[in-house]
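This report concerns only the one structure given below.
The values are calculated or read from the model by the stated rules, or taken from the named source; none is laboratory data. Owing to the predicted nature of the structure, the values given are computational and were not obtained by experimental measurement. Because the Cβ atoms are built from the backbone with ideal geometry, glycine has one as well, and the counts that use them run over all protein chains shown.
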């Protein structure tokens, strides 16, 4: 018989890595459901954009501190699960698992469907490794060539994407536990797709092992990668064309994102907020399914983490199965669970009053928010994905994007009419989109009127 504590650990590892149901191959992901704002393809939030010039879809940029895969190792195509010691930069090329003869417009219509009848796998077809970011080479490493060539080319690729984009923002996605190199590239690819290929999107792939037995080692790898993520952000911030840098951290990946924030907070301790914004350019930082010890997260906030970004959003859930089991094992509350569950103390009230851009959002009531164990809701819930994408695109506050605040404590919730509320919010900030939304809502009213007439 398996000891109960061992069984809990095993179940936690499985839950943290599971995506439920029919799983794709290790080097694939199934295309996520379309965000709710698209309304089965009837509304395009980026209607006034021209994201892909002349039909050319660029590859996804990536940064990884994984080791380069050995040529005779058939287990990995590009990078392994081992630490590489340095940060490598490059571009990855992806393909949607649809018929080769399908047109781009047909593929676009498929991706916008809320309820698809089949899965569509995404896969990486190749990479272009630019080389090593020089500032991440350890001082006693005499084997790695020191050159600015990789950084220069990476910066140029970012500039090219920003030049053909309405948005001048850079987005970085940091993955969770037990995935290979390809996973964050593919998730970043689909998030960028639903952003209308605006801005520049970067997949950050840290060396998590593709094994349920390596969780403890992964936690150390996450902390080790925090410096490289920080270095990457500071390097990108030096590009004059970059407006803001937004970071999305998921699950175990929130460990290195939150540590990065704390490190930058101490880095900027003697700097004014204006100097920090100019040097770091960090916009929205979003933590999803955060498996960070709540006390550790609190320490990071005290160390100045909240001084660095324009806003820190922590999505939380009452029914995140993976985090619930993680809490039982470590006997410590996780940041991705509900932090506030009642009236605030005077000290807590003051803290939230002093930090109005710390946003806690409960996904429990969001459509699809508890599907597949409730841990991967940023991809399974059309409401949560809409909220994240609209935050990245427009930097709206929770209230301004249709969420409602709990009566007694500072946590935001998804109301039953969330999608119509979000439509109304977008119509205010995007006049071109507003016209399309009004036409769509008029068609809904007309259809409802016809139903009423038929029923009489």
Within segment 365-392, can you find the residues that are within 13 Å of residue 336 (Cβ to Cβ) and at pLDDT 95 or above?
-> 384
Only one of these is within 21 Å of residue 246 (Cα to Cα) and surrounded by 13 or more Cβ atoms within 10 Å (Cβ to Cβ): 420, 410, 356, 382. Name it.
-> 382
Can you confirm whether segment 176-184 contains a residue that is more than 23 Å from residue 249 (Cα to Cα) and either part of a loop (DSSP other than H, G, I, E, B) or at pLDDT 90 or above (or both)?
-> no
Within segment 315-327, can one find any residue that is touching a residue at least 24 places away in the same chain (Cβ under 8 Å), assigned to a helix (DSSP H, G or I), touching a strand residue (DSSP E or B) at 6+ places or on another chain (Cβ under 9 Å) and surrounded by fewer than 22 Cβ atoms within 10 Å (Cβ to Cβ)?
-> no
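Quickly run through segment 375-397 and pick out the residues that are farther than 18 Å from residue 30 by Cβ and in contact with a helix residue (DSSP H, G or I) (Cβ under 8 Å, 6 or more places away or on another chain). Spell out how you get there, then give the answer.
Residues of segment 375-397 that are farther than 18 Å from residue 30 by Cβ, as a first pass: 383, 386-397.
383, 386, 387, 388, 389, 390, 391, 394, 396 - these are the residues of segment 375-397 that are farther than 18 Å from residue 30 by Cβ and in contact with a helix residue (DSSP H, G or I) (Cβ under 8 Å, 6 or more places away or on another chain).
Residue by residue, here is whether (1) outside any loop (DSSP other than H, G, I, E, B); (2) at pLDDT below 90; (3) surrounded by 15 or more Cβ atoms within 10 Å (Cβ to Cβ); (4) within 23 Å of the chain's Cα centre (by Cα) holds:
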{"residue": "76", "(1), (2), (3), (4)": "no, yes, yes, no"}
{"residue": "99", "(1), (2), (3), (4)": "no, yes, no, no"}
{"residue": "124", "(1), (2), (3), (4)": "yes, no, yes, yes"}
{"residue": "127", "(1), (2), (3), (4)": "yes, no, yes, yes"}
{"residue": "139", "(1), (2), (3), (4)": "no, yes, no, no"}
{"residue": "146", "(1), (2), (3), (4)": "no, no, no, no"}
When you go through (1) more than 18 Å from residue 90 (Cα to Cα); (2) buried (at least 19 other Cβ atoms within 10 Å of the Cβ) one by one for residue 223, which number turns out not to apply?
-> (2)
Please identify the pairs in which a residue from segment 153-164 that is touching a residue at least 60 places away in the same chain (Cβ under 8 Å) and on the phi < 0 side of the Ramachandran plot has its Cβ atom under 7 Å from the Cβ atom of a residue that is assigned to a helix (DSSP H, G or I) and surrounded by fewer than 20 Cβ atoms within 10 Å (Cβ to Cβ), counting only partners at least 6 apart or on another chain.
-> 164/53
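Just one of 196, 243, 249 is closer than 18 Å to residue 323 by Cα and outside any helix (DSSP H, G or I); which is it? Working first, answer last.
Working: 196 fails: closer than 18 Å to residue 323 by Cα; 243 fails: closer than 18 Å to residue 323 by Cα.
Among 196, 243, 249, only 249 is closer than 18 Å to residue 323 by Cα and outside any helix (DSSP H, G or I).
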